[in-house]
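Step one of this worksheet: look at the structure below.
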Amino acid sequence: MDDPLQDLEAELRLLRPRTLSAGLLARVEEELTGLEAARAAHTVRRWQFPLAGAPRWLIWPVATALVAVCGIAIAYWWWPAIPSRSPALSAQVSAPAEPASAFFKPVAATQFLYESLDEGPVMLSSGLPARCVCDRYVDTYTWRNPRTRASVQWTIPRAEVRVVPVDAL
Amino acid sequence: MEDPANHDSWRQWFHQHGPRLLLCARLWTRSVADAEDVVQEAFVRFWRHQRQLGGEPQALLITSIRRVAVDLGRREDRRAAREQQAEEVSGRMEPLFETPVEDRERVLLVEAALRGLPPEQREVLVLKIWGELTFEQIAGQLAVSPNTAASRYRYALAALRRDLTPICHG
């Protein structure tokens with residue numbers, strides 16, 4: 001580059017961009033100090049499913065098992081007591097009762113995406129640019145007892161963080 | 001550049017580098033208000049989620065700013081043309097640089113010359129001089145080759161020099 005261009009370049013570098021407005025500083029302050037205050041108060045602002053860091057193939061089996069265990073536990077808890085019968089009849093009916101889980105059957109599982117937040121660009125370890133997208137779901141599982149028509153429903157919030165190569169967007 | 005992740009407070013870093021980010025944001029927005037919104041969104045997101053990622057923070061922030069500005073521009077396209085025009089005019093009127101009293105005329109001349117550059121040249125010049133990006137980083141931002149970025153930079157400087165050098169009539 002010739003000298004006049006270098007002089008001009010040097011002159012341009014001396015120009016100071018306009019300072020930030022008080023309004024912008026106040027807005028950023030409000031957002032960030034709000035965050036710091038929440039952290040100080042140990043407020044959980046962002047909830048993630050405990051298995052978010054686990055391998056993806058492990059999440060669904062573990063989640064399903066957890067739901068099944070919860071279902072069985074709740075079914076035992078809520079299952080109405082069998083009406084007492086006469087001692088004679090009770091003696092006749094000596095076969096073990098079916099477990100409560102046998103009465104409740106899974107009938108529905110829904111997945112509702114309520115927020116998809118683009119958290120902006122990130123650099124992969126390979127040096128390639130990518131974008132970090134956080135999808136937040138509410139999963140709802142319903143189990144029903146066909147005999148009594150009683151039903152049990154679980155609602156589980158879940159966050160799924162995806163790193164998407166920029167070229168793919 | 002200083003690493004913002006080492007600061008306990010965002011204020012010092014934002015005061016120091018925020019004006020450059022705002023200038024870059026104005027490349028891709030129609031008004032100062034839009035540019036401020038873009039910088040706010042990108043910076044808060046960076047500070048909350050990305051500052052620990054490593055890498056060059058200024059480059060990362062400028063990428064984020066450009067992305068947010070493009071998204072905003074897409075939404076803004078739905079606005080009425082008259083409103084857009086009014087914003088463009090008001091955006092052009094806002095000064096880009098601090099204007100110290102002693103150099104006021106010169107700064108205004110430079111600013112006018114800068115605004116008169118073709119957008120693709122102005123973009124490269126601002127990202128290089130005030131965004132402090134390398135040609136490789138600029139090329140990545142704008143999806144052009146580093147040679148193209150360097151050429152646009154030289155053309156921009158040459159055009160500015162033409163505009164700023166007084167014509168002497170013998």
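The values are calculated or read from the model by the stated rules, or taken from the named source; none is laboratory data. Predicted model, so just to flag it, every value in this text is computed and none were measured. Ideal geometry is used to build each Cβ from the backbone, glycine not excepted, and the neighbour counts take in all protein chains shown.
Scanning region B:8-36 for residues that are of a type in the set (Asp, Glu) and more than 9 Å from chain A (Cβ to nearest Cβ) returns B:Asp8, B:Asp34.
Residue pairs whose Cβ atoms lie under 6 Å apart, sitting 6 or more positions apart in sequence or on different chains, and linking a residue in region B:14-34 that is touching a residue at least 24 places away in the same chain (Cβ under 8 Å) to a partner that is of a type in the set (S, T, N, Q), are B:Ser31/B:Ser90.
Against the list (1) surrounded by fewer than 16 Cβ atoms within 10 Å (Cβ to Cβ); (2) at pLDDT below 90, the condition B:Ser145 fails is (2). Would region B:79-97 turn up any residue that is modelled with pLDDT of 85 or more, assigned to a helix (DSSP H, G or I), under 20 Å from A:Gly23 (Cα atoms) and of a type outside the set (D, E, K, R)? No, region B:79-97 contains no residue that is modelled with pLDDT of 85 or more, assigned to a helix (DSSP H, G or I), under 20 Å from A:Gly23 (Cα atoms) and of a type outside the set (D, E, K, R). For region A:1-30, name all the residues that are closer than 30 Å to B:Arg48 by Cα and among the hydrophobic types (A, V, I, L, M, F, W, C). A:Leu20, A:Ala22, A:Leu24, A:Leu25, A:Ala26, A:Val28 - these are the residues of region A:1-30 that are closer than 30 Å to B:Arg48 by Cα and among the hydrophobic types (A, V, I, L, M, F, W, C). Checking each residue in region B:54-74 for being touching a Phe, Trp or Tyr at 6+ places or on another chain (Cβ under 6 Å) and under 16 Å from B:Trp13 (Cα atoms) picks out only B:Leu61.
Quick grid of which residues meet (1) part of a loop (DSSP other than H, G, I, E, B); (2) touching a helix residue (DSSP H, G or I) at 6+ places or on another chain (Cβ under 7 Å); (3) at pLDDT 90 or above; (4) not charged (D, E, K, R):
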| site | (1), (2), (3), (4) |
| --- | --- |
| A:Leu8 | no, yes, no, yes |
| A:Glu11 | no, no, no, no |
| A:Leu25 | no, no, no, yes |
| A:Glu30 | no, no, no, no |
| A:Ala37 | no, no, no, yes |
| A:Val44 | yes, no, no, yes |
| A:Trp47 | yes, no, no, yes |
| A:Ala54 | yes, no, no, yes |
